[in-house]
1. Is it the case that the range 605-614 has a residue that's among the aromatic types (Phe, Trp, Tyr) and in a helix (DSSP H, G or I)?
2. Of Gly368, Gly372, Gly322, which residue is of a type outside the set (Phe, Trp, Tyr), open to solvent by 20 Å² or more (accessible area, probe 1.4 Å) and either in contact with a Leu (Cβ under 9 Å, 6 or more places away or on another chain) or over 30 Å from Phe462 (Cβ atoms) (or both)?
3. What do you reckon, is Phe642 part of a loop (DSSP other than H, G, I, E, B), at pLDDT 95 or above and under 32 Å from the mean Cα position of the chain (by Cα)?
4. Only helices (runs of 4 or more DSSP H) wholly contained in the range 408-481 count here; list those with 1 or more residues that are surrounded by fewer than 24 Cβ atoms within 10 Å (Cβ to Cβ), among the small types (Gly, Ala, Ser) and without any contact (Cβ under 8 Å) to a residue 12 or more places away in the chain.
5. Please verify whether Ser592 is in the same structural domain as Ile628 (by the TED database), open to solvent by less than 40 Å² (accessible area, probe 1.4 Å) and in a loop (DSSP other than H, G, I, E, B), treating the condition exactly as stated.
6. Please go through the range 385-407 and give me each residue that is touching a residue at least 24 places away in the same chain (Cβ under 8 Å) and over 19 Å from Ile254 (Cβ atoms), ordered by number.
Amino acid sequence: PSIPRHTNRLINEKSPYLLQHAHNPVDWYPWGQEAFDKAKKENKLIFLSVGYSTCHWCHVMEEESFKNKEIGEIMNKNFVCIKVDREERPDVDKVYMTFVQATSGGGGWPMSVWLTPDLKPFVGGTYFPPEDGVQHVGFRTVLLRIAEQWKENKDALLESSQKILKTLLHVSEIGVQGQESPPPSEEVMATCFQQLSNSYDEDYGGFSKSPKFPTPVNLNFLFTYWALHRTTPEGARALQMALHTLKMMAHGGIHDHIGQGFHRYSTDQHWHVPHFEKMLYDQGQLATTYSRAFQISGDEFFADVTQDILLYVSRDLSDQAGGFYSAEDADSYPTSTSEEKREGAFCVWAAEEIRALLPDPIEGATVGTTLGDVFMHHYGVKETGNVSPMKDPRQELKGKNVLTVQSSPELTAARFGLEPAQLGALLREGRQRLVATRAQRPRPHLDTKMLAAWNGLMISGFALAGAALAEPGYVSRAVQAAAFLRKHLFDPASGRLLRSCYRSEDNTVEQSAIPIQGFLEDYVFVIQALFDLYEASLDQGWLEWALQLQYKQDELFWDPKGFAYFSSEAGDPSLLLRLKDDQDGAEPTANSVTVTNLLRAACYSGHMEWVEKAGQILSAFSERLQKIPITLPEMARATAVFHHTLKQVVICGDPQEEDTKEMLRCFHSVFSPNKVLMVADGDSSGFLYRQLPFLTSLERKDGKATAYLCSNFTCSLPVTSPQELRGML
C-alpha cells in the first residue's frame, strides 16, 4: 500500500470504524473535550458524522465526500469535524438521531448533524451526495450554505438551537403521570397479536412487504402468546406465523447457505436479496429464537438452523480469548486484483462458475444430469443471474445469483429421478465445493470490536441452544464468553461493566486509553445472559454476578421520578438529553428486557422490590403498550410474564446423578415463558440457599431427584418422574 497522504487524530483510536477514516483529508476529531474546546475557542460550528463499520452508505459517503480533497478543505476551514462510531457511543447517537428524526421525519446512517459550539443541533440529515442534482442539494453546497448562515445570522441560529432543545426535552420524556398501574396484560397481548397479525405476510412470513427484517422480538412475542393461548385459534395462528416466518427466512437468501449465519435484512418481500452485512446481535437473537422453535415443534429443521448459526459465530466471529466480534461487512473485493469493493461480492455466484465447479454426471438420475443441474435448480440459480435490477440500483449484482432454496427436497429429487436421501448428500457435496472456492475470495472487512451488550445476546444464544438441543459444547462456549466479559469488560473495583474492548495488531485484547463505561443495554443484556447461563450450566457464580450487576444498574440508571431506566448515566456534560428508548427494533430495547430480568432476579434473591420496579416500568410505558404494543413486542410479552408470576421450578438432587439429569433434560425440552430453574443440591452453604431460606424445607422424596413448582416461594406437591414434571410445566 502507498504511504497515506493524510493522517488525522482518528489514527489513535481503537474502533475499526474510526480507523477507516484516519487517512481522510478531513481533520477528524473523536468525540471528546479536545474537539469541544477547539469549537469554543475558535467559535466554529461542529460537523458531527455518525456511522458504523458495516454501514454501506457510510462507505459511499466516505468515498464520495470525505476522501475528496476540496470538500475536505471546506470542512476543515469552516467546521470542527467529529466522527463517532454509533456502536461505541450509542448515547451520543441517540441524542442526535432523536433530533434528526424529529426535524426531518426520517433517520439512518450515516447521520450528518451540524451543532453549535455548545453541542446543540440546529440542522441535520443522513447521506448527502457530493454535488447538486435535480432532486437534491449536494454536500458541498450544504456545507457552504451553513458556513454562510453562521457568519451572517449567528444569533438567529443560536436562538433556534435553544428552542429545538427545549422541544426535544419535552418530546422525549417517558414516565409515569400520576399513580398509573401496569396495563392489563390480556388487553396488551391481544392488541399486540392483532397488530402483528394484520401486518403479517401470509405467503412469505415476516411483518412487512419490503424491506424485511428478521425481528426476533416479534417471533418471541408470538411464542409467548401461543404458550398462554394454546387451545385457541389465535394461539394456533400465532405459532403458525412464527414458525412459517422462521422457515421462509432459513430458505431465503438472507440465510447464507454456503457460509452459514444470517445477513442483516432482505431488500425484497421473498427474503431473497439481502443487505449482506452480518451482525452479532442478529446471530445471538436468532440462535435463541430457532432453539425455541425446536423446543416447541420438535422439528429438527430448526435445530439444524440453530447449529448453522452457532457454527458461523464460532468460526468467523470468535476471538481466541473467548469474546465475540461485532460484525462482517457487506462489501468486499470480487477478486484479489479488483480496484473497488462491491456489495455481496463474497457471497454471490455466476451460473457458469457453479457449472464449472459441479460438472459430475449423476448416476441413477435422468440421463445427462450433472451435479450442477441439481444444485442450480434447488437453489434457484439462473443463467443470467437471479437478482432483479429493481433490487440492484448500483448494478453490483448483475449476472450474479443469491442462493435461495426454491423447492422442497422431495420436489427437487422427483424432478431428477433421485431418492431424497441421495439428494441430501449431493447438495452437501455441492455446498462443500462452493465453500472451498469462496475461501479463495478476498474476505469482507471484520469489525473486531467486542461489545458487552452484543456479547450478552450471543452468550444467551449459546446457553439456550445448549440447553434446548442438549449440546454441552454450546454451554461451554457460553461459559468461555462470560469469563471473557468478566476479565475484559468488567471493573471489579467499581463493580461496573465497560462498553467495549478491541483486538490489537498482535491478536491480544486491548482497551482504549479512557475506557467507555457500560450503558444500560450492556447491563441488561449481560444480566439476561448470566441468568440463561446459570440455567444451562448450574454454576451459581453466574447468578451471584447477575444480582450484583442488577444492583449496580439500579444505582446508575433508575429514574426515581418518572420510573424506568435511562439509557445512559447522569453526569456527562456533553450529553444534552438522558433518554429512554421506546422501541423494540433490531434489538429489544433495554427497558423491555429488564422487566423479565427483574422478575428473575427477585425469584433468585427474594428481593421483592425488584418485582415492584418491573411493574413501575410497565406503568411508565403504559400508554404506548395499550395503543401501539407492536412497537414494544418484548415489553408486551413481559406484561404477561409479570401478570402470570414467574414459577420457580426447584429440582432437588445431585446434578451429576442420572435421575437429576433426566429431570433437567425434561425442564429444558419444554417451552414455557414464565418458568425459572433452580437446582437445590443440598449444599446449604451455597449462594442459593443463603439467598432463599425456603429451599432448606424442600427434600428429595424416597432418595430420588424431586421437582417442586413454586410461586412466590410457596411450593406444590413434589414429583419424582420426568413425565409428571412435563405435565406440571
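The values are calculated or read from the model by the stated rules, or taken from the named source; none is laboratory data. Remember, predicted model here, so these are calculated numbers, not experimental data. Note that we place each Cβ from the backbone using ideal geometry, even for glycine, and neighbour counts take in every protein chain shown. Note: accessible area is taken over every heavy atom of the protein model, side chains too, but ligands, DNA and RNA are not part of it. Shrake-Rupley method; radii C 1.70, N 1.55, O 1.52, S 1.80 Å.
1. Start the filter on the range 605-614 by keeping residues that are among the aromatic types (Phe, Trp, Tyr), which leaves 610.
Next, only the ones that are in a helix (DSSP H, G or I) stay: 610.
Yes, the range 605-614 contains at least one residue that is among the aromatic types (Phe, Trp, Tyr) and in a helix (DSSP H, G or I).
2. Details: Gly372 fails: open to solvent by 20 Å² or more (accessible area, probe 1.4 Å); Gly322 fails: open to solvent by 20 Å² or more (accessible area, probe 1.4 Å).
Unique residue meeting the criteria: Gly368.
3. Values: part of a loop (DSSP other than H, G, I, E, B): no; at pLDDT 95 or above: yes; under 32 Å from the mean Cα position of the chain (by Cα): yes.
Considered against the rule, which asks whether it is part of a loop (DSSP other than H, G, I, E, B), at pLDDT 95 or above and under 32 Å from the mean Cα position of the chain (by Cα), Phe642 comes out as no.
4. On the way: elements: 409-415, 420-438, 452-468.
Because the criterion is at least 1 residues that are surrounded by fewer than 24 Cβ atoms within 10 Å (Cβ to Cβ), among the small types (Gly, Ala, Ser) and without any contact (Cβ under 8 Å) to a residue 12 or more places away in the chain, the helices (runs of 4 or more DSSP H) in the range 408-481 that meet it are 409-415, 420-438.
5. Details: in the same structural domain as Ile628 (by the TED database): yes; open to solvent by less than 40 Å² (accessible area, probe 1.4 Å): yes; in a loop (DSSP other than H, G, I, E, B): no.
No, not satisfied.
6. Of everything in the range 385-407, those that are touching a residue at least 24 places away in the same chain (Cβ under 8 Å) and over 19 Å from Ile254 (Cβ atoms) turn out to be Arg394, Gly399.
Yes/no per residue for (1) in the same structural domain as Phe667 (by the TED database); (2) surrounded by fewer than 21 Cβ atoms within 10 Å (Cβ to Cβ):
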site	(1), (2)
Ala586	no, yes
Thr596	no, no
Ala614	no, no
Glu623	no, yes
Gly653	yes, no
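So that you can scan it fast, the table gives a plain yes or no per residue for (1) in contact with a helix residue (DSSP H, G or I) (Cβ under 8 Å, 6 or more places away or on another chain); (2) under 30 Å from Ala421 (Cβ atoms):
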position: Thr289; (1), (2): yes, yes
position: Arg292; (1), (2): yes, yes
position: Ser314; (1), (2): yes, yes
position: Ser326; (1), (2): yes, no
position: Ser332; (1), (2): no, no
position: Thr337; (1), (2): no, no
position: Phe346; (1), (2): yes, no
position: Glu352; (1), (2): no, yes
position: Pro359; (1), (2): yes, yes
